[in-house]
1. Can you pull the percent of Cα pairs in the range A:75-201 with separation above 23 Å?
2. In angstroms, what radius of gyration and Dmax does the range B:2-220 have, counting Cα atoms only?
3. Quick one: what are the phi-derived ³J(HN,Hα) couplings along the range A:248-256, Karplus 6.51/-1.76/1.60 with θ = phi - 60°, whole Hz, x for glycine and proline?
4. Largest first and to the nearest Å, give the Cα extent of the range A:1-49 along each principal axis.
5. Order of A:TYR140, A:TYR270 from fewest to most other C-beta atoms within 10 Å?
6. Could you give me the percent of Cα pairs per 10 Å distance bin for the range A:138-227, shortest bin first, beginning at zero and ending with the bin that holds the maximum distance?
7. Would you mind checking the radius of gyration and Dmax of the range B:14-111 based on alpha-carbon positions, in Å?
8. Mind listing P(r) for the range B:1-41? All alpha-carbon pairs, 10 Å bins, whole percents.
Amino acid sequence: MSEGKQIWVLAEVLGGQVKPVSLEALHAGQTLGGELGATVTAVVATAPGAEIPEDVANCGVARVLHIQHAGLETFNSLALVEVLAPQVQSQNPEVVMMGATNHGKELAPALAARLGVGLATDCIEIHAEGGMLKARRPVYAGKAHITFQFGDTRPCILTLRPNVFRPGETPAGDAAPVETVTADIPENGLRLKVKEVVQAAGRKLDITEARIIVSGGMGMQKPENFQLLEELAEVLGAAVGASRPVVDNGWREYSNQVGQTGRTVSPDLYIACGISGAVQHLAGMSSSRCIVAINKDPNAPIFDVADYGIVGDVLEILPVMTAEFKKVLQK
Amino acid sequence: MNILVCVKQVIDTGAAIEIKDGKVQSEGLPRVLNPYDEFAVEEAVRIKETDGESTVTLISMGPDNFKDTLRRGLAMGADKAVHLLDPAFEGLDSLGVAQVLAAGIRTLDHDLILCGRQAVDDDMAQVGPSLAVLLGMPFVSVITKLNLADDKKSAEVTRQIEGGSEIIETPLPAVLTCQKGLNEPRLPSLKGIMAAKKKEIAVLDAAAIGFDPATQGATANHITQVDLAKPPAR
Ligand SMILES: Cc1cc2nc3c(=O)[nH]c(=O)nc-3n(C[C@H](O)[C@H](O)[C@H](O)COP(=O)(O)OP(=O)(O)OC[C@H]3O[C@@H](n4cnc5c(N)ncnc54)[C@H](O)[C@@H]3O)c2cc1C
Ligand SMILES: Cc1cc2nc3c(=O)[nH]c(=O)nc-3n(C[C@H](O)[C@H](O)[C@H](O)COP(=O)(O)OP(=O)(O)OC[C@H]3O[C@@H](n4cnc5c(N)ncnc54)[C@H](O)[C@@H]3O)c2cc1C
C-alpha cells in the first residue's frame with residue numbers, strides 16, 4: 001500500500017499493449033499529482049498472468065496495481081466495478097481517472113454510482129486549486145464549455161477525452177514496483193458474457209486514436225472518390241473519417257462517422273474535405289488541434305472553425321496535396 | 001415484457017445558444033426528444049410490434065414541458081408514460097438524476113430498460129450505467145444490435161468499441177444504452193400523433209417514489225458548476 005494522497009489511473013491493456021489514451025491519462029495524472037501533492041498509481045486489470053507493458057511501469061508512476069481475475073480477460077465493466085470498488089474503499093485514492101473510450105465511458109458512471117461519488121466525463125482540462133479539483137468539458141455539441149468543481153466526496157472520478165492530454169517527450173524512468181492483487185468477483189459481477197470481440201476489417205486505425213484524420217463529406221460526391229482520401233491518409237498515416245450523410249448513404253462505415261451521433265475526435269490535424277461544417281459535425285471534431293478545410297463554398301461554416309482554409313474543388317485539390325505530401329515526407 | 005425507456009428533452013442541436021449568468025438561455029429555443037432516446041423508443045416499439053404483447057412505458061424526469069417529449073415518444077408507438085415531476089428534482093447532478101429515475105423505476109414493472117447513449121445537451125453519458133448500478137442490474141452501453149432470447153430471459157447485444165465491436169450476452173432485466181446504428185427511428189404518423197393524445201401520462205412526485213429531497217436533492221450533488229462559457233475562439 002502506498003502512503004499519502006493517491007491518484008489512480010486506470011490503464012486499458014489489451015494483448016500486452018496499453019492504449020494511447022491510457023498513457024495520456026497517466027501523463028495527466030502526474031501533472032495533477034504535482035498540483036495535489038499526490039502520487040500516481042497505474043491500475044491495470046487483466047486475466048491472471050498478463051504482462052504489464054513497459055511503458056505503463058516506467059512512465060513515472062509510483063506503483064502499478066495489477067488486479068487479476070479470469071473474468072477480466074475481456075473488458076467487463078460489471079466485473080470491474082466489483083473489483084475496483086473494494087480496492088478504492090480500502091485505499092482511498094483522491095482521484096480515479098481513465099480515458100473516455102467506450103469502455104471507460106461505461107465503467108466510470110457505474111463506478112461513480114457504486115461509490116456514490118462525483119464524475120465528470122470527457123474532460124478536456126483538469127486542474128487542482130487549493131486541493132479542489134476542477135474539470136472542464138464540452139457541452140451542447142461543443143458550443144459551450146462547462147467547468148465543474150468536485151465536492152467533498154472521494155474519489156473524484158474523471159474520464160479524459162482522447163488525444164487532448166498528450167504527453168511530451170517524457171524520459172523513461174525506473175520501472176515502478178508492481179503490486180499484484182488476485183481479485184474476488186462475486187457471482188453477480190460475472191453476469192455479462194463477452195462472446196466475441198470483432199475487429200474491424202483491415203489495418204484501419206480507429207479514428208478516435210488517430211493523430212491525423214482526413215474526413216470526407218457530401219462534397220466528395222460519390223463513394224469511389226473516397227479513394228482520394230484513402231491515398232492521402234496512406235501518405236500521412238491518417239485515418240479516414242466521414243460526415244453523417246456519407247455514412248447514411250452507405251459510402252462509409254458508421255464507425256467512421258464524426259459528429260454528435262458519431263464519434264468524438266481530437267487529432268492533431270483534421271482535414272475536412274467537402275464538409276459544410278454543420279454544428280452536429282463540429283460537435284465531433286472542434287477540439288482538434290489544427291483544422292484544415294477544403295470546400296468550394298467560401299461561406300461554408302467549416303471555415304469559421306478552420307485554422308487553414310482552401311477554397312476550391314476537393315477532387316482537384318486532394319491529388320495535388322497527396323503528391324506534395326509524398327514529396328515532403330519522401331514516400 | 002415490460003419495457004421501460006428513459007427519455008429526456010433537449011434543445012435542438014441545430015439551435016444557436018446564448019449563455020447568460022452561467023445558464024444557457026433556453027427560452028424560445030426548439031426542443032426535441034434526445035436523438036439517442038429515439039433509437040431506444042424505436043427499439044422498444046419494434047420489440048412490441050414483433051411479439052405483439054410487450055408494453056412500452058416511457059419515463060422522464062424534468063419540468064412540465066417534458067410532456068411534449070413524452071407525447072412524441074407515445075406518437076412513435078409507446079403505450080404510456082410516467083413523468084417524474086417535482087421541484088425537488090431541479091438542479092440535480094447526473095447521479096442525482098439517476099437516483100430519481102431509479103426510485104421511479106422501482107415503482108414500475110420492468111423486464112428491460114433502454115436509455116440513450118447520452119443526452120446531447122449535457123453529454124455526460126452517465127445516467128444509463130449509473131442507473132443500472134443503483135438498480136443492481138447488468139448493463140451494456142452504446143449498443144448497435146439487440147437480439148432477445150426466445151424466453152426473453154436474456155439478450156445478445158453488439159456494442160461498439162474502438163476499432164471493432166463486442167458481442168455480449170446479458171441476463172434480463174438489464175439496462176442498455178442505445179447508439180446510432182441500432183435502428184432507424186420512425187417519424188410518428190398522423191394516426192400515431194392522434195393516438196398519443198389519448199395515452200396516459202402518469203405524474204409521480206418525490207413523495208410518490210419515496211425520494212427524500214432533504215437527503216437526495218441538489219444539496220447532495222457531488223459536483224457543482226463553476227463556469228459555463230463559449231469555447232475559447234480558435
Ligand atoms: C440530431 C442530428 C445529429 C446529427 N449528427 C451528425 C453527425 O454525427 N455527424 C455529421 O457529420 N452530421 C450530423 N448531422 C447532420 C448535419 O446536420 C449535416 O447535415 C451534415 O454534417 C452535413 O454533411 P456534409 O457536410 O457532408 O454535407 P453538406 O452539408 O451537403 O455539405 C457538403 C459540402 O461540400 C461542399 N462541396 C460540394 N462539392 C464540393 C467540391 N467539389 N469541392 C469542395 N467542396 C464541395 C459544399 O460546399 C458543402 O459545404 C446530424 C443532424 C442531426 C439533426
Ligand atoms: C450541479 C449541476 C446542476 C444541474 N442543474 C440542472 C438543472 O437545474 N436543470 C437541468 O435540466 N439540468 C441540470 N443539470 C444537468 C443534469 O444533471 C443532467 O441533465 C442530467 O444529469 C442528465 O445528464 P445528461 O443530460 O448528461 O444525460 P446522460 O447521462 O448523457 O443521458 C443518458 C441517457 O439517460 C437518460 N436520461 C438522462 N436524463 C434523463 C431524464 N431527465 N429523464 C429520463 N431519462 C434521462 C436518457 O435515456 C439519456 O439518453 C445540472 C447538472 C449539475 C452537475
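1. Tail fraction, whole percent: 45.
2. When restricted to the Cα atoms of the range B:2-220, Rg and Dmax are 16.8, 53 Å.
3. 4, 6, x, 6, 9, 6, 4, 5, 8
4. So the extents along the principal axes, rounded to whole Å, are 33, 24, 9.
5. Exposure proxy ranking, most exposed first: A:TYR140, A:TYR270.
6. Each 10 Å bin holds this share of Cα pairs: 8, 16, 29, 32, 10, 3.
7. 15.3, 50
8. Over the range B:1-41, the share of Cα pairs per 10 Å bin runs 26, 40, 23, 8, 2 percent.
Values in this text are rule-based calculations from the coordinates and carry no lab data. Predicted model only: the values in this text are computed from it and were never measured. Heads up, the Cβs are rebuilt from the backbone with ideal geometry, glycines too, and the neighbour counts pull from every protein chain shown.
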